[in-house]
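The values are calculated or read from the model by the stated rules, or taken from the named source; none is laboratory data. The structure presented is a predicted model; accordingly, all values stated were derived computationally and were not measured. Here Cβ is always computed from backbone atoms with ideal geometry, including for glycine, and neighbour counts include all displayed protein chains. The area values use the complete protein model at the heavy-atom level, side chains included, leaving out ligands, DNA and RNA. Shrake-Rupley method; radii C 1.70, N 1.55, O 1.52, S 1.80 Å.
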Amino acid sequence: MTRTLYDYWTQLRGKRTAPERHEVEPGDIRGILGDTFILEAVDRKTYTFRLAGTRLCAAYCRELKGRNMLDLWTGKDREAVASLLAAIVEDGAAAIIGIAAQNERDQSMPVEIMFLPLRHGDGRNNRIIGCFAPHDPPYWLGIHPVMRQPILSLRLIWPDETPRFLRTGKEADEEEEQLQAVMIERTRVGAPRPAGAIGNTRRIGHLTVYDGGRRD
């Protein structure tokens with residue numbers, strides 16, 4: 001799912017930092033449309049759902065259109081996601097967040113959420129297209145709402161870089177040891193970098209950012 005959206009977005013943008021919002025045709029991504037969303041960047045604290053697919057809304061058992069994406073997190077995770085979305089809008093970065101989506105029974109499922117910038121109106125990246133991609137969706141998805149979603153990891157891709165992979169589920173597990181993209185992990189300051197991480201580091205809130213390199 002993330003691969004499909006990323007490839008479509010890359011095709012649309014060509015050599016630009018991001019494609020225009022009006023270039024996105026729902027029919028071109030009909031297979032993942034129910035998992036897709038578009039956000040409007042109102043300011044650094046507000047990223048409103050302009051569009052939210054039916055399967056995405058079903059995961060939370062409520063309509064998301066008009067709601068602030070940041071309200072899906074609390075505390076330091078919310079601050080980290082706000083910083084991440086600002087990087088997408090201001091710098092044209094793309095990102096994938098790994099979360100543990102949990103219901104009221106403390107049942108959990110791993111999910112990847114992708115964010116990709118779109119240009120709109122005055123030429124700024126003030127729209128974000130993304131998708132919600134569960135790994136092996138459990139039976140309770142759509143029955144018991146996601147109530148909490150702590151961040152587990154994050155891969156950040158800058159405009160002049162190419163991700164090593166954008167896969168979910170079994171494929172992601174099999175290629176984790178070869179990961180050469182950006183990783184953000186819950187870690188204490190000064191902890192050693194994960195095996196395979198390359199490039200510089202930075203901090204986003206309570207998370208450590210590992211900048212990845214380009215495809216060889």
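Which of the residues belonging to region 21-46 are farther than 30 Å from E79 by Cβ and open to solvent by 20 Å² or more (accessible area, probe 1.4 Å)?
H22, E23, E25, P26, G27, D28, R30, G31, L33
Taking the condition of being closer than 24 Å to Q102 by Cβ and in contact with a strand residue (DSSP E or B) (Cβ under 7 Å, 6 or more places away or on another chain), how many residues in region 49-62 meet it?
Of the residues in region 49-62, 5 are closer than 24 Å to Q102 by Cβ and in contact with a strand residue (DSSP E or B) (Cβ under 7 Å, 6 or more places away or on another chain).
Looking at P117, P110 in this structure, which one is modelled with pLDDT of 95 or more and farther than 22 Å from I143 by Cβ?
Exactly one of P117, P110 is modelled with pLDDT of 95 or more and farther than 22 Å from I143 by Cβ, namely P117.
Would you confirm whether or not region 73-82 contains a residue that is closer than 14 Å to I128 by Cβ, in contact (Cβ under 8 Å) with a residue 24 or more places away in the chain and hydrophobic (A, V, I, L, M, F, W, C)?
For region 73-82, residues closer than 14 Å to I128 by Cβ, in contact (Cβ under 8 Å) with a residue 24 or more places away in the chain and hydrophobic (A, V, I, L, M, F, W, C): present.
Given the options R119, R62, name the one that is open to solvent by 10 Å² or more (accessible area, probe 1.4 Å) and touching an Asp or Glu at 6+ places or on another chain (Cβ under 6 Å).
The unique qualifying residue is R119.
Among the residues of region 58-71, write down those that are at negative phi and more than 13 Å from the chain's Cα centre (by Cα).
A58, A59, Y60, R62, E63, L64, K65, R67, N68, D71
Can you tell me which residue is most open to solvent (accessible area, probe 1.4 Å) among those in region 65-81 that are at pLDDT below 95 and of a type in the set (G, A, S)?
Checking each candidate, the answer is G75.
Looking only at region 1-48, how many residues end up being without any contact (Cβ under 8 Å) to a residue 24 or more places away in the chain and in a strand (DSSP E or B)?
Summing the residues that are without any contact (Cβ under 8 Å) to a residue 24 or more places away in the chain and in a strand (DSSP E or B) in region 1-48 gives 3.
Okay, residues lined up against (1) more than 20 Å from T74 (Cα to Cα); (2) modelled with pLDDT of 50 or more:
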residue: E104; (1), (2): no, yes
residue: S153; (1), (2): no, yes
residue: L156; (1), (2): yes, yes
residue: D160; (1), (2): yes, yes
residue: E175; (1), (2): yes, no
